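Quick notes on the structure that follows.
The values are calculated or read from the model by the stated rules, or taken from the named source; none is laboratory data. Quick caveat: nothing in here was measured; it's all calculated off a predicted structure. Here the Cβ is made from the backbone with ideal geometry for all residues, glycine too, and neighbour counts use every protein chain on show.
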Amino acid sequence: MHYHTPATFEDAVKIAAACGGVTRFLAGGTDVLVQMRAGAVIPDDLIDLKHIPGVRDITRTPEGGWRIGIAVAGAELGAHDALCRDWPGVVEGMELVGSTQVQGRATLVGNLCNGSPAADSVPGLVAAGATVTVTGVNGSREVPVAEIPAGPGRTVLQPGEVISAISLPPRGENGGDAYLRFIPRTEMDIAVVGCAVNLRLDGDTISEARVALGAVAPTVITVQAAADAIIGTTLDDAALEALADAARAAATPISDKRGTAEFRTHVSGVMAQRVARLAYTRAKGAGK
Amino acid sequence: MAKDEFNTEFKLVGTRPNRPDGLDKVTGRARYGADMTMPGMLWGAVVRSPHAHARIKKIDASKALALEGVKAVVTRADFPTGLTGEDWNLQENSMAGDVALYDGHAVAAVAATSALLAQDAAALIEVEYELLPHVIDVDDAIKPDAPAIRPGSADHSVPEGFPPNVVRYIDYGHGDLDAGFAAADLVMEKTYLTEATHQGYIEPQACVGQLGADGKGEMWVCTQGHWFIRQMCSAVLGLEVAQLRVTASEIGGGFGGKTMVFMEPLSLALSKKAGGRPVKLVMNRAEVLRATGPTASASMDVKIGMTKDGKMTAGKAVFRMQGGAFPGAPVDSALDCAFANYDMPAVYHEGFDVLANRPKAAAYRAPGSPMAAFAVESLVDEMCRELGLDPVEVRLKNAAREGTKASYGPTYNKIGLVETLEAVKAHPNYAVPLGPNQGRGVASGFWFNYNGDTAVSMAIAEDGTAQVSVGTPDIGGSRASLAMMVGETLGVPYEHVRVNVVETGALGINEPTHGSRATFATGKAAVIATEQAIAEMCRRAAVEWDIDPDAVEWIDGAAQPAGPNAGKFPPMKIGEIAGKMSTTGGPIAGHYEGFPDGVGVSFGTHVVDVEVDPETGHTKILRYLVAQDAGRAIHPAYVEGQFQGGAVQGIGWALNEEYVYGEDGRLQNATFLDYRVPVASDLPKIDTVIVEVPNPGHPYGVRGVGETGIAPPLPAIANAVAAATGQRLRHLPMTPVKVLAAIQAGQDG
Amino acid sequence: MSKIHVTTTVNGDTVEFLADPRETLLDCLRDRLGLTGSKEGCGTGDCGACSVMLDGRLVSSCLVLGVEAEGKTVDTIEGMARGDDLHPLQRKFIEHAALQCGFCTPGILVAAKALLDQNPDPSESEVRYWLAGNLCRCTGYDKIVNAVMDAAAEMRGAA
Amino acid sequence: MVEINLWSGLRRFTDGELVVEVEADTIGKALDALIEKYPGLAPVIEAGISVAVDGEITTAGRNIPVRPDSEVYLMRRLKGG
């Protein structure tokens, strides 16, 4: 295996393009190293992106959003007060990935590119309307996070393409987001169901909402019907009931070692309600 | 015995000194299995079957052997033939013969100059398989038309005409069962299921083995018992036992799983083939889970009769257990434990040891007892609910006591079950009011404890300090408790005693640290050896004083004339006697070789409060209490540690731990990510009460404490979940999926 | 497959080693530098036995490549005591019988120190969640949590 | 004479007897006498058993003394974790 430490993303994609065999980009490494250890993937070329300037930075964009470097670890997100104030749901999703130790390494982009439908950080990013910058030999383009996953373990990235940054929109007024997942233990598990809600209030009434579900479909999904169920409401009992129904209707889970389809379907409604309440409370708090 | 009355005031016993291995273990200096390197050492890797059941048609290692730095490849063809019985089982499990019997079964091994190279070489070994039908579940495996895994492997106990995978059959009991059930007001019969779990020690198996062409070998290995490793490796490889010298490393947990060989013989076989260079083999976690001892899975029918005032009149247990592709599921001890808590006029037990395409089961903490406790203690709780009776009072009413004829036959000596039940009744946890969706569960458990072959040697050093050589690896602090008992007996400070776990060349055979035997058996042996040394020191003093040795007694670490008639001499301290030993007759030592008698059984009672999330089925442990009879706690902190550790393993078994197999017979959760042992945030404090009903068979009253604690959590939590939800879960683990389904079904799960 | 020369600082000492790029930092600490205090319990970041500090941040050294340590600072269990002076956590672990087999102990000590360095007064719940990635199979965690809490209290008193 | 209590599965080898009286003053002699009386028990005993004498279970102990009033039970071989 060859180990590369390019100084720019352009160099990184050039190296990737020149490599004939199995190539992996290395950021936090918490998935790549596990796959190497298991013998599942032993890359011929491993391209470490952490030597590229800026990849560890979290910066405010001129519009008031955020640009997050691809090697920012979960623990660094959690330590960034202003980001946590704006997008607590995005941060808490990332912070649920693995242990404290894994938090010292794991990254948003790595979690996204691993392609797991159960990735904890992805529903929050999707609900927030986050985008990523995809860099290839022919330049860069902005792609919504929601469009990156293509199926379990797969993304739409082409060989040689790499994500070079992740961007969150401006939080704006009276907004709140949240992520919760269901796991059998209290920590250290893969989500059996994950749900993120991002909403905005006009007074007590929800004026905008996005609902994303994880681990109940081949990719993280955006559930418009679930958002519609709570938009225009004050998140009263009827709205919550409609939200749960919409979430369950959208879920098309499989049964596997971590849970049955029936369980996942039911719990997606439970999680949606709990997350919506949390996001609503945060949005109310944000208004004060 | 020096102190066979139990009102003695002790100086050391019952205190909490720091453990002698503590400094090494908090600084990273302690050397475990994988921490050893030897000059000229090679690294090994093992090729394992990806199939649950497959004929091995061809193994081609030519590509691996062509790699520079690859020094040896071994397959079953490199092992001796003609083994029988358990020796053959161990050999077959170490390395598959004609047929791979489970996912993870070793089929070849390779040694090379680096770990990575060995792994790369292993990946290049090509194995051609012919798939055979497999069976995983015990209730499938016992069917008459199940794929026969090893025809002809049933032993003498199995009557003609039994299904092909039944390899042992047990039935026994006493009393008039029909009359017992007829005398009952309520008879209930239910079926309970438990899944296979793994010991889950954090240190994977690791060893460095060296074997020369002259048949002499050495091994460094993490194990609960290095004499067992020596005997088993010798049997598997056809070596002379005494030519193999085995040293036990520090051990990173075992819980029964490190009492037999897995890949250890492979390191020796590779070493021999590589010209005698030492070969290090270290399992990864997936190998540990796929190929080392899980426990059995069980399917159990239990029937109990009870009068309306709670007297148990009869009990019947029919247990089916699979212990992998080899005989050895702990169905007999499970049956023995089933009704051991109770004084019942009639009991009957029937057991089936069944083969399935899974790894060979190893012992796991009180083998069989947790499954039995789950079935019986759940049913007792169901009947208490049905009859509106208090579960602790019913247990007290039926509790086994001194003089009770045990369900497994003999009559109990002094035991402490009643005392544990009284202890939980008196504990504040038992009185905490519960809120919505919360429930409290109670259950008791039992383990025999064990003695086993034991050899100990102790010697006095020139300055009067003492060394004790033992053969039971220290897993939970036994070096501390042994030093305390020796120090107490010798009348010297704890710090003056050093306990060493020595290699196989230094003592007669020792059984492993298993069966909760280290503090009992090695402890008793060490005390007897110490008394020998004391007798010798008294003799030396007598010679010096020119009086009869019988006129000398040993008090507070010194020889003293035994009364005014013996003569007037100032006490001769141990240091003084030791300082002149070279001129008074040479070394002063004591030793013990034997099978220490006087084992005392241990009962425990646990109380757990849970809260169940009615929307997700998630169970949270709110409070947990262990009360167990320790006989006497030598080092109370380590006794508490055994109680707490056992309870938490039981909690894992009850809630989340299980082997999950796919339709293809492959283990799906061979990682700590998906084999879900309890983590710190899952748990509350584990409260403990050390009950002390001293064991008359031990000089300090010790009963083994290591194992009993894993049994009660399974039923206690099931009983608590039933109390919280109104639903009875009879299939472990009680995952959120199962609990939610039971809640939703709204009827008996 | 050529090896890569790595220079890094481990427990305050500048060290050099040759690493195959596939080797983890844990492999390199143990097999190249003889620092076997960090343990491998899983190799997948699920058990915490290999916990070390990398540039001041708690990581699983089984999820870091050895070559990634180039120019960085690594602190392991072997560097926790200052000469004969044990860190309060190390002392409290012995006093509270917070270890049985001791295999998980180095990783838990490194992780617990990382917690107390950033939060000198954690609640019991915070300790339990921080250490959720450090598996212990012997103790049931009870005495570990007690030892961390007691060490924290002592360190606050001493500060 | 001492009474040896068998487990019921062994009845197949003892003409249905569950309690067998043998002349012996040690466990070893008792086991030998059992085998002599019922040769079908030989593989069971040779495969390894435990013996409970007056409530105490032991695996070894051919030399353990038994008296006419001793309570003796044959049990399946015990091991621990």
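Observations on the model:
- Strands (runs of 3 or more DSSP E) contained in chain D and holding at least 3 residues touching a Ser or Thr at 6+ places or on another chain (Cβ under 9 Å): D:49-53, D:72-76
- Which numbered condition B:Ala426 misses (of (1) in the same structural domain as B:Val705 (by TED's automatic domain parsing); (2) in contact with a Gly (Cβ under 8 Å, 6 or more places away or on another chain); (3) more than 22 Å from B:Arg703 (Cα to Cα)): (2)
- In summary, helices (runs of 4 or more DSSP H) completely within the range B:389-504 and bearing 1 or more residues that are among the small types (Gly, Ala, Ser) occur at B:417-426, B:478-490.
- Restricting the range B:275-288 to residues that are surrounded by 24 or more Cβ atoms within 10 Å (Cβ to Cβ) and not charged (D, E, K, R), the residue that is nearest to the chain's Cα centre (by Cα): B:Val288
- Residue match in the range A:149-168 (condition: away from every other protein chain (no Cβ under 14 Å), under 10 Å from the mean Cα position of the chain (by Cα) and among the small types (Gly, Ala, Ser)): no
- Among the residues making up the range B:142-166, those that are within 26 Å of B:Gly315 (Cβ to Cβ) and either hydrophobic (A, V, I, L, M, F, W, C) or within 14 Å of chain D (Cβ to nearest Cβ) (or both) are B:Ile142, B:Ser157, B:Val158, B:Pro159, B:Phe162, B:Val166.
- Residues (hydroxyl-bearing (Ser, Thr, Tyr), over 22 Å from B:His635 (Cβ atoms) and surrounded by 23 or more Cβ atoms within 10 Å (Cβ to Cβ)) located in the range B:427-456: B:Ser444
- Check on B:Val26, hydrophobic (A, V, I, L, M, F, W, C), in contact with a helix residue (DSSP H, G or I) (Cβ under 7 Å, 6 or more places away or on another chain) and surrounded by fewer than 24 Cβ atoms within 10 Å (Cβ to Cβ): no
- Matching helices (runs of 4 or more DSSP H) fully within the range B:13-130 where at least 1 residues are within 30 Å of B:Gly701 (Cα to Cα) and not hydrophobic (A, V, I, L, M, F, W, C): B:22-27
- Residue within the range C:148-158 that is at pLDDT 95 or above, under 22 Å from C:Ser60 (Cβ atoms) and outside the structural domain of C:Asp75 (by TED's automatic domain parsing) present: yes
- The set of residues in the range B:267-293 being closer than 19 Å to B:Ile251 by Cβ and either among the small types (Gly, Ala, Ser) or part of a strand (DSSP E or B) (or both) consists of B:Ser267, B:Lys280, B:Leu281, B:Val282, B:Ala291, B:Gly293.
- A single member of B:Thr247, B:Thr313 is closer than 30 Å to B:Ala372 by Cα and either at pLDDT 95 or above or touching a helix residue (DSSP H, G or I) at 6+ places or on another chain (Cβ under 9 Å) (or both), and it is B:Thr313.
- Subset tally (residues that are among the aliphatic types (A, V, I, L, M), in contact (Cβ under 8 Å) with a residue 24 or more places away in the chain and crowded, with 21+ Cβ neighbours inside 10 Å) for the range D:25-81: 13
- Meets criteria (away from chain C (no Cβ under 11 Å), farther than 30 Å from B:Ala115 by Cα and aliphatic (A, V, I, L, M)) for A:Ala75: no
- Pick from the range B:516-573, criterion in a loop (DSSP other than H, G, I, E, B) and within 43 Å of the chain's Cα centre (by Cα), ranking: surrounded by the fewest Cβ atoms within 10 Å (Cβ to Cβ): B:Asp556
- Residues of the range A:1-60 satisfying the condition of being within 14 Å of chain C (Cβ to nearest Cβ), among the hydroxyl-bearing types (Ser, Thr, Tyr) and more than 19 Å from A:Gly115 (Cα to Cα): A:Tyr3, A:Thr5
- Verdict on B:Arg76 being within 24 Å of B:Ala115 (Cα to Cα), within 12 Å of chain C (Cβ to nearest Cβ), surrounded by fewer than 20 Cβ atoms within 10 Å (Cβ to Cβ) and not hydroxyl-bearing (Ser, Thr, Tyr): no
- Restricting the search to strands (runs of 3 or more DSSP E) fully inside the range C:1-111 and requiring at least 1 residues that are in contact (Cβ under 8 Å) with a residue 12 or more places away in the chain and within 11 Å of chain B (Cβ to nearest Cβ) gives C:13-19, C:51-54.
- Test: residue in the range B:179-191 that is aromatic (Phe, Trp, Tyr), more than 14 Å from chain D (Cβ to nearest Cβ), farther than 26 Å from B:Ile136 by Cβ and not in a helix (DSSP H, G or I): no
- Matching option when the condition is within 21 Å of the chain's Cα centre (by Cα) and surrounded by fewer than 21 Cβ atoms within 10 Å (Cβ to Cβ), among A:Glu241, A:Glu208, A:Glu262: A:Glu208
- Test result for C:Ala97, crowded, with 19+ Cβ neighbours inside 10 Å and in the same structural domain as C:Cys138 (by TED's automatic domain parsing): yes
- Close pairs from the range A:222-238: first acidic (Asp, Glu), partner not in a helix (DSSP H, G or I), Cβ under 7 Å, at least 6 apart: none
Table: residues versus (1) in a helix (DSSP H, G or I); (2) facing chain C (nearest Cβ under 8 Å); (3) touching a residue at least 12 places away in the same chain (Cβ under 8 Å).
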{"residue": "B:Leu625", "(1), (2), (3)": "no, no, yes"}
{"residue": "B:Gln628", "(1), (2), (3)": "no, no, yes"}
{"residue": "B:Gly631", "(1), (2), (3)": "no, no, yes"}
{"residue": "B:Tyr638", "(1), (2), (3)": "yes, yes, yes"}
{"residue": "B:Gln644", "(1), (2), (3)": "yes, yes, yes"}
{"residue": "B:Ala654", "(1), (2), (3)": "yes, no, yes"}
{"residue": "B:Glu663", "(1), (2), (3)": "no, no, no"}
{"residue": "B:Arg676", "(1), (2), (3)": "no, no, yes"}
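- Restricting attention to the range B:229-264, the residues being among the charged types (D, E, K, R) and more than 20 Å from the chain's Cα centre (by Cα) number 2.
- The set of residues from the range B:678-708 being part of a loop (DSSP other than H, G, I, E, B), within 14 Å of chain C (Cβ to nearest Cβ) and surrounded by fewer than 21 Cβ atoms within 10 Å (Cβ to Cβ) comprises B:Pro684, B:Lys685.
- Matching residues in the range C:33-65 - criterion: being touching a Pro at 6+ places or on another chain (Cβ under 8 Å) and farther than 14 Å from A:Thr100 by Cβ: C:Gly37, C:Ser38, C:Lys39, C:Glu40, C:Gly41, C:Leu65
- Listed conditions (1) of a type in the set (Ser, Thr, Tyr); (2) within 14 Å of chain D (Cβ to nearest Cβ); (3) crowded, with 24+ Cβ neighbours inside 10 Å; (4) over 21 Å from B:Gln199 (Cβ atoms) are all met by B:Tyr348, apart from (3).
- Summed over the range B:495-524, residues that are touching a Phe, Trp or Tyr at 6+ places or on another chain (Cβ under 6 Å) and modelled with pLDDT of 95 or more total 4.
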